[in-house]
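The values are calculated or read from the model by the stated rules, or taken from the named source; none is laboratory data. Note that this is a predicted model, so its numbers are computed, not measured. Counting neighbours? That spans all protein chains shown, and the Cβs are built from the backbone with ideal geometry, glycine included.
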Amino acid sequence: MYRYKILEKVEPELWDSNLLKCDYSTFFQTHEYLNSLSADGNSFPIFLQVVDDDNNVKAQLGIKIWDSLKSASSGKINSIFNLFSKFGKRGSWVGGPIIHKQNNSDRILILTLMIHAMEEIINKYELTILDGYSPVQDFQIDDIYLHEFKKSGFEIKNFFSFVTDLEQPIEKIWNSIHNSTQRDVKKAERRNIHVKELENFNELEDYFLLNKTWAKTKGMVSKDFSSISKQKYLQSILDGIEKIFLSYDDEDLVAGHRLGCFNKIVYSHKITNSYSKPTSVAGPILTWHAIEWAKKNDFKYYDFSGGEMPPTDPKKIPVYEAKWKNLLNYKRKWGGSEFPYYHFLKIKSQKNYKILKMLSKIDFFYREYKRKRFSRPTSKL
């Protein structure tokens, strides 16, 4: 009745048009995103499809295969990581699987096939780990669905995202935002911080330079891209699958906001600040501008993203809060509803996974060391 196909190339327009048959597919599963620039290392996409006897696509999942287990935030540390590349590759996905069938028994049958295909992908591409995140708007995920992953050896963690319903009146959306965030937006307006859409190559160059500055504040090093790669990225922005909004203080670029836009869902992908001058209100006005833009362009949801659910073990709370508290508090102030989603992790080699965790700790401590050495200007509001 159903069978799966594992492909390294597909017709871009056909892949994306099939995605549009499903209400919860996002830009993370588009052909453009799966082939997009990556600051994390070299990758290539794998396209998994489940088809019926007439070769009609009933489910799909795009997976990125990475050449190394871990890409570091520093060139020096990365050279160390490259020594461990022989220990395996990793595969990852975001916002999938996409299953077009609504009938629950068919969904589970198709999901079982997709998980079997994942096992084949792990073996074929010699992956140490395969992990991914479920779609935020897939409201049919239940215990039976999750059990299919569990019985195949996947570890599951609960996450949640903040999502604003854009079909509400704009006044209601504004009133749901926390008072302090509303004040930040108004402060930016009084200071004449203005927002515009990225439209040309020079603005893209400025945005990449902004990202380099932002990366330093996080103890990271931003990867350089070729002019040809940047031109391709600019085209994806002009085609509308991504948007970048820029905020300026006079003539100075102080912040940028990258959005994924697909299937009536806008995903807040990344906000970067320059910290070259007071910019504490540049981010909020960018976000509010993006919400207004999404509303005017008939998008249905604005997804702020989110984070991991709090642990039930009190001993783990301090570590959790150190990682998530500030970020989640900021996103919560935008008034979105909490939508659950899940992280799936399959470990093929425990030994190599321990190496990955060790490398991640090294990278984290080095990043913290570099971040603390970076001096940010004091904000003047």
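One table, with the values for the structure above:
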| item | result |
| --- | --- |
| Test: Asp165 is under 24 Å from the mean Cα position of the chain (by Cα), at negative phi and crowded, with 19+ Cβ neighbours inside 10 Å | no |
| Flag if Phe149 is in contact (Cβ under 8 Å) with a residue 12 or more places away in the chain, touching an Asp or Glu at 6+ places or on another chain (Cβ under 6 Å), of a type in the set (Phe, Trp, Tyr) and outside any loop (DSSP other than H, G, I, E, B) | no |
| Top-ranked residue in segment 273-321 [being among the basic types (Lys, Arg) and in a loop (DSSP other than H, G, I, E, B); ranked as modelled with the lowest pLDDT] | Lys277 |
| Scan of segment 104-133 for residues that are in a helix (DSSP H, G or I) and within 11 Å of Lys346 (Cα to Cα), ordered by number | Ile115, Met118, Glu119, Ile122 |
| Residue identified as within 16 Å of the chain's Cα centre (by Cα) and of a type in the set (Asp, Glu) among Glu338, Glu308, Glu292, Glu321 | Glu308 |
| Subset of segment 57-78 that is of a type in the set (D, E, K, R) and not in a strand (DSSP E or B) - its residue that is modelled with the lowest pLDDT | Lys70 |
| Residue match in segment 246-267 (condition: among the basic types (Lys, Arg), at pLDDT 85 or above, closer than 24 Å to Trp334 by Cα and surrounded by fewer than 19 Cβ atoms within 10 Å (Cβ to Cβ)) | yes |
| Pairs where the first residue, in segment 224-243, is touching a residue at least 12 places away in the same chain (Cβ under 8 Å) and surrounded by fewer than 19 Cβ atoms within 10 Å (Cβ to Cβ) and the second is of a type in the set (Ser, Thr, Tyr) and assigned to a helix (DSSP H, G or I), C-beta under 9 Å, 6+ apart | Phe225/Tyr233; Ser236/Tyr33 |
| Checking Lys357 against (1) closer than 29 Å to Val136 by Cα; (2) modelled with pLDDT under 85; (3) surrounded by 13 or more Cβ atoms within 10 Å (Cβ to Cβ), the condition it does not meet | (3) |
| Any chance Lys196 is of a type in the set (D, E, K, R), under 30 Å from Lys230 (Cα atoms) and in contact (Cβ under 8 Å) with a residue 24 or more places away in the chain | yes |
| Residue count for segment 181-194, restricted to those that are farther than 11 Å from Pro284 by Cβ and surrounded by 15 or more Cβ atoms within 10 Å (Cβ to Cβ) | 1 |
| Filter result for the condition that a residue is out of contact with any Lys or Arg (no Cβ under 9 Å at 6 or more places or on another chain) and in contact (Cβ under 8 Å) with a residue 12 or more places away in the chain, over Lys296, Lys264, Lys331 | Lys331 |
| Filter pass, Lys172 being free of Cβ contacts under 8 Å to residues at least 12 places away in the same chain, exposed (fewer than 13 other Cβ atoms within 10 Å of the Cβ), under 29 Å from Asp67 (Cα atoms) and of a type in the set (Lys, Arg) | no |
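To keep it simple, each residue is scored yes or no on (1) in a strand (DSSP E or B); (2) over 23 Å from the mean Cα position of the chain (by Cα); (3) surrounded by fewer than 19 Cβ atoms within 10 Å (Cβ to Cβ).
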site: Ile6; (1), (2), (3): yes, yes, yes
site: Glu13; (1), (2), (3): no, no, yes
site: Ser17; (1), (2), (3): no, no, yes
site: Cys22; (1), (2), (3): no, no, no
site: Ser25; (1), (2), (3): no, no, no
site: Phe44; (1), (2), (3): yes, no, yes
site: Leu48; (1), (2), (3): yes, no, no
site: Val51; (1), (2), (3): yes, yes, yes
site: Asn55; (1), (2), (3): no, yes, yes
